[in-house]
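Taking it in order: structure first as structure tokens, then the write-up.
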Amino acid sequence: MNHRPFVIGVTGNIACGKSLVMSYLAELGAKTIDADQVYHRLIEPNKPLWLAVRDRFGPAIIREDGDIDRAALGKIVFSDRQALADLDALTHPAIVAEIRSQIADSTAKVLAVDAVKLIESGLDRDCDSVWLVICDPEAAIDRLMERNGLSYGDAAARVNAQPDTAPKLARADVVIDNSGSREETRRHILSAWSAVQRDSSTQEDCS
């Protein structure tokens with residue numbers, strides 16, 4: 001009989017702390033899939049998705065080494081909602097298909113998937129529990145400035161381009177507010193993880 005892992009979908013807007021949550025989940029024993037890393041592999045030079053993105057946004061987003069200049073692409077899509085929608089329409093199907101393949105091939109007991117557009121892409125339907133990470137917008141801007149070396153204006157543009165959190169709140173099974181200390185976030189994760197352990201054991205018993 002095929003084993004299917006218990007799948008946690010971790011989502012939330014940019015710079016809210018999904019990576020922190022994923023690091024704690026990895027420490028607790030979950031295997032992890034990062035949708036952004038999947039995207040990086042899919043847009044390696046001359047792969048089908050790379051070609052599609054180049055054709056839509058032009059050669060100006062291609063660096064001399066052939067890689068997509070994500071900063072240049074970001075400036076385009078985070079200042080133009082239609083451009084962002086076009087990029088999502090190109091990338092989401094390929095990313096979702098690859099993640100679904102990895103879920104199907106996994107032998108892990110618990111698998112956590114980190115995806116900003118988990119719900120918008122429909123990948124939430126593959127998850128047994130959806131965790132939404134939220135934080136104060138100004139905290140997200142500060143983190144982006146520090147992490148990516150962005151100006152306040154560029155960081156704010158990226159945060160403001162994120163979709164409304166309300167539909168995600170309606171879909172989430174667990175909401176983790178990462179506005180406070182790391183220890184507060186960790187306590188919330190440990191509580192949610194205890195429920196996962198119970199649910200995944202029940203799933204195994206029924207399989």
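Worth pointing out:
- Candidates in segment 118-144 are the residues that are β-branched (Val, Ile, Thr) and more than 24 Å from Asp86 (Cα to Cα); of these, the one that is surrounded by the fewest Cβ atoms within 10 Å (Cβ to Cβ) is Ile134.
- Among the residues listed as Leu28, Leu42, the single one being among the hydrophobic types (A, V, I, L, M, F, W, C) and either out of contact with any Leu (no Cβ under 6 Å at 6 or more places or on another chain) or surrounded by fewer than 16 Cβ atoms within 10 Å (Cβ to Cβ) (or both): Leu28
- Test: residue in segment 188-196 that is modelled with pLDDT of 90 or more, surrounded by fewer than 16 Cβ atoms within 10 Å (Cβ to Cβ) and not hydroxyl-bearing (Ser, Thr, Tyr): yes
- Subset of segment 1-23 [surrounded by 13 or more Cβ atoms within 10 Å (Cβ to Cβ) and farther than 22 Å from Asn148 by Cβ]: Arg4, Pro5, Phe6, Val7, Ile8, Gly9
- Annotation note: Cβ proximity below 7 Å between a residue of segment 150-176 that is under 20 Å from Asp128 (Cα atoms) and a residue that is charged (D, E, K, R) (sequence gap 6+ or interchain) occurs for Arg171/Asp124.
- Scan of segment 1-22 for residues that are part of a loop (DSSP other than H, G, I, E, B), under 24 Å from Ala156 (Cβ atoms) and aliphatic (A, V, I, L, M), ordered by number: Ile14, Ala15
- Ile99 under 14 Å from the mean Cα position of the chain (by Cα) and assigned to a helix (DSSP H, G or I): yes
- Wholly enclosed helices (runs of 4 or more DSSP H) of segment 127-207 bearing at least 1 residues touching a Ser or Thr at 6+ places or on another chain (Cβ under 9 Å) and more than 17 Å from Ala115 (Cα to Cα): 137-148, 152-160, 182-206
- Whichever residue in segment 34-50 is in a helix (DSSP H, G or I), touching a residue at least 40 places away in the same chain (Cβ under 8 Å) and in contact with a strand residue (DSSP E or B) (Cβ under 9 Å, 6 or more places away or on another chain) and, among such residues, is farthest from Ala115 (Cα to Cα): Asp36
- Residues of segment 70-85 satisfying the condition of being surrounded by 15 or more Cβ atoms within 10 Å (Cβ to Cβ) and either assigned to a loop (DSSP other than H, G, I, E, B) or aromatic (Phe, Trp, Tyr) (or both): Phe78
- Subset of segment 47-62 (residues that are surrounded by 16 or more Cβ atoms within 10 Å (Cβ to Cβ), out of contact with any Leu (no Cβ under 7 Å at 6 or more places or on another chain) and within 20 Å of Ala85 (Cβ to Cβ)): Trp50, Arg54
- Answer residue from segment 88-115, given it is in contact with a strand residue (DSSP E or B) (Cβ under 8 Å, 6 or more places away or on another chain) and among the polar types (S, T, N, Q) and is surrounded by the most Cβ atoms within 10 Å (Cβ to Cβ) among those: Ser106
- Condition check for Arg147: out of contact with any Pro (no Cβ under 9 Å at 6 or more places or on another chain), surrounded by 17 or more Cβ atoms within 10 Å (Cβ to Cβ) and not aromatic (Phe, Trp, Tyr): no
The values are calculated or read from the model by the stated rules, or taken from the named source; none is laboratory data. Owing to the predicted nature of the structure, the values given are computational and were not obtained by experimental measurement. Note: ideal-geometry Cβ built from the backbone for every residue, glycine included; neighbour counts use all protein chains shown.
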